[in-house]
Amino acid sequence: MKLPVGRVRRLVKKVLPQAYLDDVARRRRIASAIRASGLFDAAWYREQLNEPIPAGVDPIDHYVMVGSATDVSPNPCFVSEWYRDHPKSPKKLDVAPFIHYVNRGIARGLSPHPLFDPEFYTERHPDAAKHRGGPLGHYLETGWKTGAQPSAAFDVDVYAANVGDVQGPSLADFARRARRLMRETRGWEHLPRTADTFDHEAAEAFKRRVLAEYAERGEEPPLVTVVIPTKDRRDGVLTAIASVVAQTYRNWQLVVVDDGSTDGTAEAIEPLLADERIELVRRERAGGVSAARNAGLALARGEYVAYLDSDNIWTPDFLEVMVAFVRTRSLRFGYAVSELLEEKKNGRRGYRSLPFNRAALVERNFIDCIVVLHERSLLDEVGMFDENLRRNVDWDLFIRMSAVTDFELAPFVATRYDAWEQRSDRITINELFGYRFVIRAKHLVDWAAVDAGLAARRPGTVSVVIHAGEEAQAVTATVQRLMEGADADDLEVVIVDAKADEAEAMRLQFLPIRFPNVRVLRQTQRLSTELSRTIGAAYSTGETIVFLTPASWVETGWLEPLTAALADGAAAAQPLVLLHDGTVWSAGVAFARGAHPHSLFRRFPGDAHEVVARSSPAGLSPVALAVRAADFAAVRGFDPLFVNDIDNPDLSLRLARETGRPLRYVPSSLVALTETPVRRTTASATTTATDNQELFTGRWQDTVAQDDVTVWGERGYAIVGYDGAAPTHWGFDPIVVHDRPERPLRWAIKIGAPDVERRTNWGDWHYAIGLKEALERLGHEAVIDAKQAWYRPTSRLDDVALVLRGVSVYTVNPQQINLSWVISHPERVTRRELASFDAVFAASTSLARRMSTDLGAPVRPLLQATDKYRFHPVPADPRRRHDVLFVGNARGMRASVGAALEAGIVPSVYGVRWRGLLPEGAWLGEYIPNEDLPAVYAGAGVVLNDHWEDMKAEGLMSNRLFDLAACGARIVTDVVPGIEDVFGDVVLTFSTPQELAAAVNTQLAETPERAAAREKLSELVRREHSFDARAEELVETVRKLQAERAVG
């Protein structure tokens, strides 16, 4: 009988709860939305699953019911982790990321993949906004077939050229390859070392079964040697010995090794030696757990070996069950379960019971030494405990043993102990955390292969090695900067991906596609910076290796001075390392008493005279360091005992000791950190920092002499104390004061350029350089502070602050003489601001008069100037000859360029932000080096110039006018009051496009008389409007102010 549909629905509602029905309906809606989007890739989804989809189950339904509960992605171009963590995504998703993207994220323009930019794509393909699967769906269905780019970062032509066999959409092809690599390198950190539960009944059944099986063999029980090392654990070792004596298995030999105890341990054990099975080894001097165990193993007579620590005990049947287990299964190595009990109320409990996995063991240890039984013959094959190790010694031995035999877990509890107890005599408390990285280094770095490959490294080649944790965006920017102008044949970049999260790792994996001389080494486990760098160096191919941080900016020409220093005999070479604000992070390393290191001139201006002096310091910071590959291999790389110690000079000291050659600080090589290192203050970070510091000073305090007092004294400073809050992982920075009987004035020139990376694109940077050099020619010291360094902590050492007033307001320091020179944006300058300065100058005569009236105090006119040593007549650049030239950055359309275009003149333009503003072929580049400008000006028929509107109104003539005139260029500029007073009629002006065209024609058809006048103007500007002339006037003003203060 067939029931009506309506009746069936009513029956269902009666039988099933409403919540269930609602959930079913919700799942159906979700599945329908996913189907409608077209984004579900069933084949890819199946590939992601560990278990196959049951027969007859629709993949989308399976995803909604099962897969969505995990981070599995049903489309290679959707990365769940990226989507969830993206700043534009909701902070907390109420559904799986992919479901959220389909239902809400597409409409909101959210990004599904690190290399897919919906805004970028839709801007170029407006119809994508209406696609059922949004911009990504449009790309995957049709866009890729027309060569569409998924983002600015993903160049499909470059991808096709470098990959070759591209299957389908380029982004999907890349995503599949990258995601498969992620799975291959997933590693084993996800496996829990400790289980929350354990089946004790099954364990008892296992023991009964294995003992019965062994009894059937009827063989003579083999001898088992038990080794117990101990040091100053008198009571504990007696308890451990008692647990051996209490074993139900009787055929054992016990060797107790007293490793230099001073608490009467040996004397307490001696009465127990009446049992002939017990032996005591007394070591007068402690050698560590490895040496102690090896001393016991040297006396081993048993066919099998077991280990027990002096603070542990076994269950009574441990040896009996383990012997039966290994014998009945023909095992060479077996291990049992450790039960972990926290000895306090409601304490934690766990079971170390992970079945054997060779690859997982290499990553981390999950086997307690005290539950192991192995053939003694294994020690003959792989060696005994490594006596260079002080911690994790059993893990190292087990890794070596696992290379020659399989292990197997015996599923019964062999010991119980408190793994969380914090006793001062425990190895986990006393010995360094870094030993785990030492062990990883032993098994991840093949130094024999590195040594053998040294001869194949091509002379003159350089490998830059970068450790990458979670900083893909920073690494990408660093690599882009490294590749600008680099010789691809001689430079490679090796990035060690130390298990970055999937989204970050994908971005890293795209770098070798963009830059073929970049390699990314994806690791299966998280590594310290030291070990990661060593692995990168081991896999590099360059004759020279340079280590950089993930967030580094290199100045043009940075590499050659470092390689030249190595060629000149240096054991290692360090560049000048700046912070992004232009202050020093490290200019070499000096040492206080007790071998406490500190970076020289930290937070000093990067162009201070003491900073830019080349030297051979006692140590170098590894934050940016160049070494020969052969020397690096000779000292076996960074010491992995140090953990994430970015400033540690240990490597440089070992290189100097090994080679007998000096260390070199090379300030002509400049590297800036785009992210400031921050001192971490978590408990684990503090412990690690303390370990690093104690290890370093303990190693070097007897061989590294204090030199910081001398080093700073030679530069004219005295150390009056040390700052304990240094922004590093360890150590102290010295507090210094001037210590010269007579010293020149120190000027700090404050400019508006924000930081190191952007300052070269700002005119005030180049202007300040000319002024700085002029002051130095007068015998003064001068530094330039970018805006972010205006208030650096070492500004207390400055005598004069000279502010080149542009956009931003500077707050004066009353300790100094403060000068303001208004060179632009006068409308932003207030009376209150100027009143705080000791003297004010204006780069316009009319502006100086107006400001004097407003301020009620004299404001002196001080026009802008030129660097006569750089800007003077030179031969024309034959490669860059232009009829009409403009050099400057766009801020919208520039007045002179716009007028020229309106007049039918298409100038040749250099500068930034001109994209989309000019006819095709007019924009020729973003930057011309300042030193090249005179020759470019000389090769131009006419050079255009213009001013900000407020500058024109106030008669502020740009310094580019002075530069052009000094070079003898033919100039056309907009009208500025007073321009004729300085430049006469040699510089032609315009107010309209027609006037500009006429002026250009006049300059291009220059008469001999005008040419002679232009030459005279060049001489006049270089004589009367040079930085030297301006510096003399500024110095004279300061001398008068000093005299007034002295009288006051």
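The values are calculated or read from the model by the stated rules, or taken from the named source; none is laboratory data. Note that the coordinates shown come from a computational prediction; the quantities given were computed from them, not determined experimentally. As a convention, Cβ positions derive from the backbone with ideal geometry for all residues, glycine included, and neighbour counts pool all protein chains shown.
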Note on segment 336-366: residues under 35 Å from the mean Cα position of the chain (by Cα) and either in a helix (DSSP H, G or I) or more than 25 Å from Met401 (Cα to Cα) (or both) are Arg358, Ala359, Ala360, Leu361, Val362, Glu363
Here the qualifying pairs (Cβ atoms under 7 Å; residues six or more apart or on different chains; first in segment 194-206 and on the phi < 0 side of the Ramachandran plot; second basic (Lys, Arg) and not in a helix (DSSP H, G or I)) come out as Thr194/Arg352
Going through segment 966-1010 one residue at a time, which ones are among the small types (Gly, Ala, Ser), within 20 Å of Ala900 (Cβ to Cβ) and touching a strand residue (DSSP E or B) at 6+ places or on another chain (Cβ under 9 Å)? Ala969, Ser991, Ala997, Ala998, Ala999
Got a sec? Which of Asp877, Asp838, Asp867 is assigned by TED's automatic domain parsing to the domain that holds Trp762, of a type in the set (Asp, Glu) and at negative phi? Asp838
Given the criterion of a type in the set (Asp, Glu) and surrounded by 18 or more Cβ atoms within 10 Å (Cβ to Cβ), identify the matching residue among Glu484, Glu471. Glu471
Output the number of residues of segment 476-506 satisfying the condition of being in contact with a strand residue (DSSP E or B) (Cβ under 7 Å, 6 or more places away or on another chain) and under 30 Å from Ser80 (Cβ atoms). 10
When you check Leu444 against the structure, is it under 27 Å from Thr690 (Cβ atoms) and out of contact with any Asp or Glu (no Cβ under 7 Å at 6 or more places or on another chain), yes or no? yes
Over segment 84-103, the set of residues surrounded by fewer than 23 Cβ atoms within 10 Å (Cβ to Cβ) and in a helix (DSSP H, G or I) is Arg84, Asp85, Ile99, His100, Asn103
Looking at segment 858-905 only, could you name the residues that are among the hydrophobic types (A, V, I, L, M, F, W, C) and within 42 Å of the chain's Cα centre (by Cα)? Ala865, Phe871, Leu885, Phe886, Val887, Ala890, Met893, Val897
So which residues in segment 784-800 are buried (at least 22 other Cβ atoms within 10 Å of the Cβ), among the β-branched types (Val, Ile, Thr) and within 28 Å of the chain's Cα centre (by Cα), if there are any at all? Ile784
In this structure, does Arg758 turn out to be basic (Lys, Arg) and within 28 Å of the chain's Cα centre (by Cα)? yes
Any chance Val678 is in contact with a helix residue (DSSP H, G or I) (Cβ under 6 Å, 6 or more places away or on another chain) and of a type in the set (A, V, I, L, M): no
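Matching residues to (1) of a type in the set (A, V, I, L, M, F, W, C); (2) in contact (Cβ under 8 Å) with a residue 40 or more places away in the chain:
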{"residue": "Thr225", "(1), (2)": "no, yes"}
{"residue": "Thr230", "(1), (2)": "no, yes"}
{"residue": "Arg233", "(1), (2)": "no, yes"}
{"residue": "Val237", "(1), (2)": "yes, yes"}
{"residue": "Ile241", "(1), (2)": "yes, no"}
{"residue": "Gln247", "(1), (2)": "no, yes"}
{"residue": "Val256", "(1), (2)": "yes, yes"}
{"residue": "Asp263", "(1), (2)": "no, no"}
{"residue": "Ala268", "(1), (2)": "yes, no"}
Per-region count, segment 307-335, residues hydroxyl-bearing (Ser, Thr, Tyr), part of a loop (DSSP other than H, G, I, E, B) and under 27 Å from Ala419 (Cβ atoms): 2
Before we move on, is Val1035 touching a residue at least 12 places away in the same chain (Cβ under 8 Å), on the phi < 0 side of the Ramachandran plot and not in a helix (DSSP H, G or I)? no
Examine segment 375-395 for a residue that is part of a helix (DSSP H, G or I) and among the small types (Gly, Ala, Ser), and state whether such a residue exists. yes
Residues that are touching a residue at least 24 places away in the same chain (Cβ under 8 Å) and touching a Phe, Trp or Tyr at 6+ places or on another chain (Cβ under 9 Å), at least 2 per element: which helices (runs of 4 or more DSSP H) completely within segment 427-526 meet that? 435-444, 472-483, 502-514
Taking interchain pairs and intrachain pairs at least six residues apart, which have beta carbon atoms under 9 angstrom, with the first residue in segment 694-722 and among the hydroxyl-bearing types (Ser, Thr, Tyr) and the second part of a helix (DSSP H, G or I)? Thr703/Leu653; Thr703/Arg657; Tyr717/Leu797
Only one of Gly904, Gly916 is without any contact (Cβ under 8 Å) to a residue 24 or more places away in the chain, of a type in the set (Gly, Ala, Ser) and part of a loop (DSSP other than H, G, I, E, B); which? Gly916
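For segment 32-58, name all the residues that are in contact with a Phe, Trp or Tyr (Cβ under 8 Å, 6 or more places away or on another chain) and either farther than 22 Å from Ala178 by Cβ or among the aromatic types (Phe, Trp, Tyr) (or both).
Passing the criteria: Ile34, Phe40, Tyr45.
Per-residue answers, yes or no, for (1) surrounded by 11 or more Cβ atoms within 10 Å (Cβ to Cβ); (2) modelled with pLDDT of 90 or more:
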| position | (1), (2) |
| --- | --- |
| Met1 | no, no |
| Pro4 | no, no |
| Val8 | yes, no |
| Lys13 | yes, no |
| Leu21 | yes, no |
| Arg29 | yes, yes |
| Ala33 | yes, yes |
| Ala36 | yes, yes |
| Gln48 | yes, no |
When residues of segment 837-893 are limited to those that are surrounded by fewer than 16 Cβ atoms within 10 Å (Cβ to Cβ) and aliphatic (A, V, I, L, M), the one nearest to Val936 (Cα to Cα): Ala876
Residues that are surrounded by fewer than 22 Cβ atoms within 10 Å (Cβ to Cβ), at pLDDT below 95 and touching a strand residue (DSSP E or B) at 6+ places or on another chain (Cβ under 8 Å): list the strands (runs of 3 or more DSSP E) wholly contained in segment 618-726 that include at least 2 such residues. 717-723
Filtered residue count, segment 119-163, keeping only those that are in contact with a strand residue (DSSP E or B) (Cβ under 9 Å, 6 or more places away or on another chain) and assigned to a helix (DSSP H, G or I): 5
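Conditions tested, residue by residue: (1) touching a Lys or Arg at 6+ places or on another chain (Cβ under 7 Å); (2) under 22 Å from Val210 (Cβ atoms); (3) surrounded by 17 or more Cβ atoms within 10 Å (Cβ to Cβ).
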site	(1), (2), (3)
Gly350	no, no, yes
Pro355	no, yes, no
Asp368	yes, yes, yes
Val372	no, yes, yes
Ser377	no, no, no
Phe385	yes, no, yes
Arg391	no, no, yes
Leu397	no, no, yes
Asp406	no, yes, no
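Is there a residue in segment 979-994 that is closer than 13 Å to Val942 by Cα, in contact with a helix residue (DSSP H, G or I) (Cβ under 9 Å, 6 or more places away or on another chain) and touching a residue at least 60 places away in the same chain (Cβ under 8 Å)?
Step one: filter segment 979-994 for residues closer than 13 Å to Val942 by Cα, giving 986-989.
Next, from what is left, pick out any that are in contact with a helix residue (DSSP H, G or I) (Cβ under 9 Å, 6 or more places away or on another chain): 986-989.
Still in the list and also touching a residue at least 60 places away in the same chain (Cβ under 8 Å): none.
No - not one qualifying residue is present in segment 979-994.
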